[in-house]
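A.B. asks: Have a look at the structure that comes next, please.
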Amino acid sequence: MGMCGIIFDLDGVLCYTDHYHYLAWKALADRLSLPFDEQVNNRLRGVSRMESLEIILSLGSKTYSQEEKEQMAAEKNRLYRSYLERMGPEALAPGAVDVLRALRENGWKTGIGSSSKNAPLILERTGLDGFFDAVADGSQITKSKPDPEVFRLAARKLRLSPDECAVVEDASAGILAANAGGFFSIGLGDAAQAPGCRAVLNALYELPDSAGAYTAAPQNSRDYNKAIELDPRFADAYYN
Ligand code: B16
Ligand code: MG
């Protein structure tokens, strides 16, 4: 079978919760007198909660016990969830609902592959929860991106193999995970710079028009790789 599934990352692709992550981590970092800013926050994209905490604690020189770290992560998550509770569909990426509707009408199966343990709450608050054939999230996996576990789980739930699915990601760790799992990786924003990113989108709403080109994408072909070298925006340059 050709490509017929699209697995979406959640934060940074379908919706924007990164500012809430920022505010919640910032409150913790301020309490610990750590120099946390938007640039450090960018390094947390797609990274799990505990790994994010390690990155933030590495801004200082103090060491903490596992128990203290778990308390800090819980404190951040409580504040983060209080923002999520007040969030609504305005947090969605422009056109997110139309994109999902259009893909599904064209026969694509849709899934979520998110590192977030809060994915169910985010889907509920944004009104996206009816748009997916499968949801795989941070509470169902043991290894986070760049390990492909979450995307493999999403594909399994879709009853598709990785080479039948594309993955849309905004984080380098997510593109690496998609490639490692044998998926066709599509990068949004900075993720387009990740090594091996197979196709680039400037904005999510471009996806339904580009999706047809991905189905024709030869997997692992040399011609195809050459096209990427020539122009990373291969989908337009190579197939039209
Ligand atoms: P939580 P994604 C990721 O979601 C976020 O990008 C990342 O910043 C966050 O640390 C991670 O989820 C874990 O989130 O604390 O809610 O479990 O981009 O993979 O959808
Ligand atoms: Mg993301």
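The values are calculated or read from the model by the stated rules, or taken from the named source; none is laboratory data. Not measured: the values here are computed from a predicted model. Cβ sites come from the backbone with ideal geometry, for glycine too, and all protein chains shown count toward neighbours. Each accessible area value is taken on the protein alone, full model and side chains, heavy atoms only, with ligands, DNA and RNA left out. Shrake-Rupley method; radii C 1.70, N 1.55, O 1.52, S 1.80 Å.
A.B. asks: Could you tell me how many of the residues in region 152-174 are away from ligand 2 (no atom under 12 Å from the Cβ) and open to solvent by less than 10 Å² (accessible area, probe 1.4 Å)?
C.D. replies: Qualifying residue count, region 152-174: 5.
A.B. asks: Being assigned to a helix (DSSP H, G or I) and either of a type in the set (K, R) or over 20 Å from the mean Cα position of the chain (by Cα) (or both) is the filter here, so list the residues in region 1-43 that pass it.
C.D. replies: K26, A27, L28, A29, D30, R31
A.B. asks: May I pose another question? Under the condition of being of a type in the set (K, R) and touching a residue at least 60 places away in the same chain (Cβ under 8 Å), which residue from region 1-60 is farthest from G181 (Cα to Cα)?
C.D. replies: R49
A.B. asks: Another question, if that's okay. What tally of residues in region 89-117 results from selecting those that are of a type outside the set (G, A, S), open to solvent by 10 Å² or more (accessible area, probe 1.4 Å) and part of a helix (DSSP H, G or I)?
C.D. replies: Selection size over region 89-117: 7.
A.B. asks: Quick one: which of S139, S115 is within 12 Å of ligand 1 (Cβ to nearest atom) and within 13 Å of the chain's Cα centre (by Cα)?
C.D. replies: Exactly one of S139, S115 is within 12 Å of ligand 1 (Cβ to nearest atom) and within 13 Å of the chain's Cα centre (by Cα), namely S115.
A.B. asks: Please determine, by comparing only the residues of region 1-32 that are hydrophobic (A, V, I, L, M, F, W, C) and open to solvent by 10 Å² or more (accessible area, probe 1.4 Å), which one is nearest to ligand 2 (Cβ to nearest atom).
C.D. replies: For region 1-32, the residue satisfying everything is L23.
A.B. asks: Here is a further query. Determine whether G46 is at pLDDT below 95, in a loop (DSSP other than H, G, I, E, B) and either among the hydroxyl-bearing types (S, T, Y) or open to solvent by less than 60 Å² (accessible area, probe 1.4 Å) (or both).
C.D. replies: So G46 fits the description; yes.
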